[in-house]
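First up is the structure itself, then whatever we jot down about it.
The values are calculated or read from the model by the stated rules, or taken from the named source; none is laboratory data. This is a predicted model, so every value here is computed, not measured. Using ideal geometry, Cβ is built from the backbone for each residue, glycine included, and neighbour counts are taken over all protein chains shown. Areas reflect the complete protein model, heavy atoms only, side chains present, ligands, DNA and RNA absent. Shrake-Rupley method; radii C 1.70, N 1.55, O 1.52, S 1.80 Å.
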Amino acid sequence: MQPFSYTKVTSQEVAIATVNQDKTAAFIAGGTDLLGLMKDGVQTANILIDINSLPLADIEFQTTGIRIGAVSRMTDVAFHPQIQECYPVISQALLQSSSPQLRNMATVGGNLLQRVRCSYFRDPVFPCNKRTPGIGCSAITGYNRMHAIFGASEHCIAVHPSDLAVALAALDAVICIQGAEKERRISIHDFYLLPGETPEKETLLQPGELIVAIEVPNSAYKSHYLKVRDRASYEFALVSVAVALDVERDMIKSARIAFGGVAPKPWRARDAEKLLQGKPINEATFRDAAAVAIKEAKPQTDNEFKIELVKRALIRALSVVAKES
């Protein structure tokens, strides 16, 4: 592991200025992903700026929705009574994200920025365009059971690992970012980038910018998060789905659907959402939506099974929300 220095700051301005001026510096809060990457030689930093003391851990309910501070612990958010009541999909996604020990340490901001779990990315022995642009993607010709069936490119087929991001995508959340000169508010749909020809660029975050909060708007939607994985105890998603429905008299007024474990970013199923609008709640409607949701799927050598898994997960999640509506 490359030696590094460590500084704890109490000023947001100082933290941002330090990382903005020193390109070898990085923010650290929970450190549950960053330190592992540094130990494996996948990511380096000469100085870590500890932001745990910054006043960014509040969970505030406002007239327009909820604002979650970026260094809020995953556990605190998952078990917050009002989040469980008003945004159950967030709580469910967090509780299925990791072990209790990791949830106690990890922050929601860090969770949104965790790096892909592609084994070829995480092992410097293998060529990886995300680590070293232009060197090649080992996963395309390698074992790719866990990889993308939507949104991949010939340069990268890794999937985004965050369960929380999938839930937030279904709720049209906004990421609040503070830079050295200004604050930006970016829709979570725009925040994450598809790999295209530049898989090393994963988000719109610029060097020195810090996620300070996540805002989720009010809504009348009932929601649910369903995750399918190899081990129930602790594992990343083979397929996950966040569903939010606005229902009136057994008719769907509006629907939001986001998938995880299948694309380089939380994957909104816009066509399936349109199909559901104005339709009655029943299994036939859900099956039609599932058929539309997988139309753009392009499986890799080892993961064609994900297509059927996407369909079944969506039907089940819709059925759960329908019973609660």
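Can you tell me which residues in the stretch 101-145 are over 21 Å from T203 (Cβ atoms), out of contact with any Ser or Thr (no Cβ under 7 Å at 6 or more places or on another chain) and not hydroxyl-bearing (S, T, Y)? Q101, D123, P124, V125, I135, G136, I140, G142, R145 - these are the residues of the stretch 101-145 that are over 21 Å from T203 (Cβ atoms), out of contact with any Ser or Thr (no Cβ under 7 Å at 6 or more places or on another chain) and not hydroxyl-bearing (S, T, Y).
Working carefully through the options K253, K227, find the one that is out of contact with any Lys or Arg (no Cβ under 9 Å at 6 or more places or on another chain), outside any loop (DSSP other than H, G, I, E, B) and surrounded by 19 or more Cβ atoms within 10 Å (Cβ to Cβ).
Values: K253 fails: surrounded by 19 or more Cβ atoms within 10 Å (Cβ to Cβ).
So the residue among K253, K227 that is out of contact with any Lys or Arg (no Cβ under 9 Å at 6 or more places or on another chain), outside any loop (DSSP other than H, G, I, E, B) and surrounded by 19 or more Cβ atoms within 10 Å (Cβ to Cβ) is K227.
The rows are residues; the columns are (1) open to solvent by 50 Å² or more (accessible area, probe 1.4 Å); (2) touching a helix residue (DSSP H, G or I) at 6+ places or on another chain (Cβ under 7 Å).
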{"position": "A169", "(1), (2)": "no, yes"}
{"position": "R184", "(1), (2)": "yes, no"}
{"position": "D190", "(1), (2)": "yes, no"}
{"position": "E197", "(1), (2)": "yes, no"}
{"position": "E209", "(1), (2)": "no, no"}
{"position": "A213", "(1), (2)": "no, no"}
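Can you find even one residue in the stretch 135-147 that is within 15 Å of the chain's Cα centre (by Cα), small (G, A, S) and more than 18 Å from A78 (Cα to Cα)? No, the stretch 135-147 contains no residue that is within 15 Å of the chain's Cα centre (by Cα), small (G, A, S) and more than 18 Å from A78 (Cα to Cα). Are any of the residues in the stretch 51-62 surrounded by fewer than 23 Cβ atoms within 10 Å (Cβ to Cβ), within 17 Å of L168 (Cα to Cα) and of a type in the set (A, V, I, L, M, F, W, C)? Yes, that holds for at least one residue. Looking across the stretch 5-34 at every residue that is under 15 Å from N46 (Cβ atoms) and open to solvent by 80 Å² or more (accessible area, probe 1.4 Å), the one that is modelled with the highest pLDDT is identified as Y6.
Looking across the stretch 170-204, the residues that are assigned to a strand (DSSP E or B) and not hydrophobic (A, V, I, L, M, F, W, C) come down to Q178, E183, R184, R185, S187, Y192, T203.
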